[in-house]
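Have a look at the structure below, then the notes.
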Amino acid sequence: MANKPAYIITGPTSGIGRLTALELAKRGTVVLVGRNRMKLADVCKTIERRGGRAVSVECDLSDITSVRHAAAKIVALPLPIAGLLNNAGIRQIRPTKSAQGWDMTFATNHLGPFALTEALVPHLVDGTEVVFVVSAVEDPERKLAASAGFRGGRYISAEASARGEWEAGGSAQPGFDSYATSKQAALAAALALARETPRLRINALEPGFTPNTGLGRDAPAALRFVANHVLPLVAPFIPQWSTPIRAARLAAKLVTDTSPRTGAYYDERGRPMQGSKRVRDHAFQDRVVEETRALLAKVSAP
């Protein structure tokens, strides 16, 4: 078992993340990175009952100090890391703050995954696959996202986003701008890191609209019921929609892929797609990375 490849996945205790962890366990050891010890233990037990192997590492992705501690623990594991899946994500209707006082959605969806990846990159062997799970709602021209009320990413700067400030003209729906902007920043960073570190394979995935995930956990009960029990029945028949199991299989396939492709952005069927005009701009990608690094540098090393 020790000779099998190991795959790191964040957010593995619910929704797409849990299903992906179970898929990855068929291919090798899974390093489960999440904040809830009991839920991590439950996923570990499920994997082990099925004959797989899993290791859990506690980490709050919104807390940069926690992320750095977790990265150090992962590096110390005697495992041949072959892939990293930055899957964890949230969308809050009522914004809260992270341990650093930053917007929780932006910290969890962009700053934490970026910090984890940066900490691990020097220790990853050439050819390691790194996948960022993003969202096409960052594109203001995406019709499905626009019809749902999104107005695209509203990035001003990393510091402004951390304060919960977005460009004017955004969505009337609470939490939509923070979510779209966090995913815009994550996608831009993934594409920039792919150019910056060609020895690794760094790609991004839009998993499709999957209504019954945990992203809307603080939505009203009636909406959660519809999302969990009604929409999944029609999702397979609607373009750009998906289901958690389909998204999980695709995520697992990408993070275990051995093809040399890097800097790609895949849609819900695993086909190459394009992000917004803004996120395709190399200057914007580089600015997001530069500003993110500058912001994270303000957090003292553990």
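The values are calculated or read from the model by the stated rules, or taken from the named source; none is laboratory data. The structure presented is a predicted model; accordingly, all values stated were derived computationally and were not measured. Virtual Cβ from ideal backbone geometry, glycine too; neighbours counted across all protein chains shown.
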Of residues in region 185-207 being of a type in the set (A, V, I, L, M) and not in a helix (DSSP H, G or I), the one farthest from residue 132 (Cα to Cα): 200
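Matching residues to (1) of a type in the set (Ser, Thr, Tyr); (2) at pLDDT below 95; (3) crowded, with 18+ Cβ neighbours inside 10 Å:
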residue: 179; (1), (2), (3): yes, no, yes
residue: 183; (1), (2), (3): no, no, yes
residue: 199; (1), (2), (3): no, no, no
residue: 215; (1), (2), (3): no, yes, yes
residue: 233; (1), (2), (3): no, yes, no
residue: 239; (1), (2), (3): no, yes, no
residue: 243; (1), (2), (3): yes, yes, yes
residue: 254; (1), (2), (3): no, no, yes
residue: 269; (1), (2), (3): no, yes, no
Selection within region 241-283 - closer than 26 Å to residue 209 by Cα and of a type in the set (A, V, I, L, M, F, W, C): 241, 245, 247, 248, 250, 251, 252, 254, 255, 264, 273, 279
Of the criteria (1) under 22 Å from residue 135 (Cα atoms); (2) crowded, with 20+ Cβ neighbours inside 10 Å; (3) among the small types (Gly, Ala, Ser), which one residue 54 fails: (1)
Long-range neighbours under 9 Å by Cβ, at least six apart or interchain, first residue farther than 20 Å from residue 203 by Cα within region 73-85, second modelled with pLDDT of 95 or more and assigned to a helix (DSSP H, G or I): 74/116; 74/119; 74/120; 74/123; 75/119; 75/120; 75/122; 75/123
Of all residues in region 13-68 being touching a Phe, Trp or Tyr at 6+ places or on another chain (Cβ under 8 Å) and aliphatic (A, V, I, L, M), the one that is farthest from residue 80 (Cα to Cα): 24
Residue match in region 144-160 (condition: within 23 Å of residue 299 (Cα to Cα), surrounded by 24 or more Cβ atoms within 10 Å (Cβ to Cβ), over 17 Å from the mean Cα position of the chain (by Cα) and of a type outside the set (A, V, I, L, M, F, W, C)): yes
Counted residues, region 18-34 - those being in contact with a helix residue (DSSP H, G or I) (Cβ under 8 Å, 6 or more places away or on another chain) and either buried (at least 23 other Cβ atoms within 10 Å of the Cβ) or within 20 Å of residue 108 (Cβ to Cβ) (or both): 11
Filter result (within 13 Å of the chain's Cα centre (by Cα) and assigned to a strand (DSSP E or B)) within region 1-25: 8, 9, 10
Which numbered condition residue 204 fails, given (1) out of contact with any Gly (no Cβ under 7 Å at 6 or more places or on another chain); (2) farther than 18 Å from residue 277 by Cα; (3) at pLDDT 95 or above: (2)
Matching residues in region 248-299 - criterion: being in a loop (DSSP other than H, G, I, E, B) and under 19 Å from residue 106 (Cα atoms): 275, 276, 278, 279, 297, 298, 299
Pair list, Cβ < 6 Å and 6+ apart or interchain, from region 242-271 residues that are under 18 Å from residue 20 (Cα atoms) to residues that are in a loop (DSSP other than H, G, I, E, B) and hydrophobic (A, V, I, L, M, F, W, C): 267/273
Within region 35-151, helices (runs of 4 or more DSSP H) holding 2 or more residues that are among the β-branched types (Val, Ile, Thr) and over 22 Å from residue 20 (Cβ atoms): 64-76
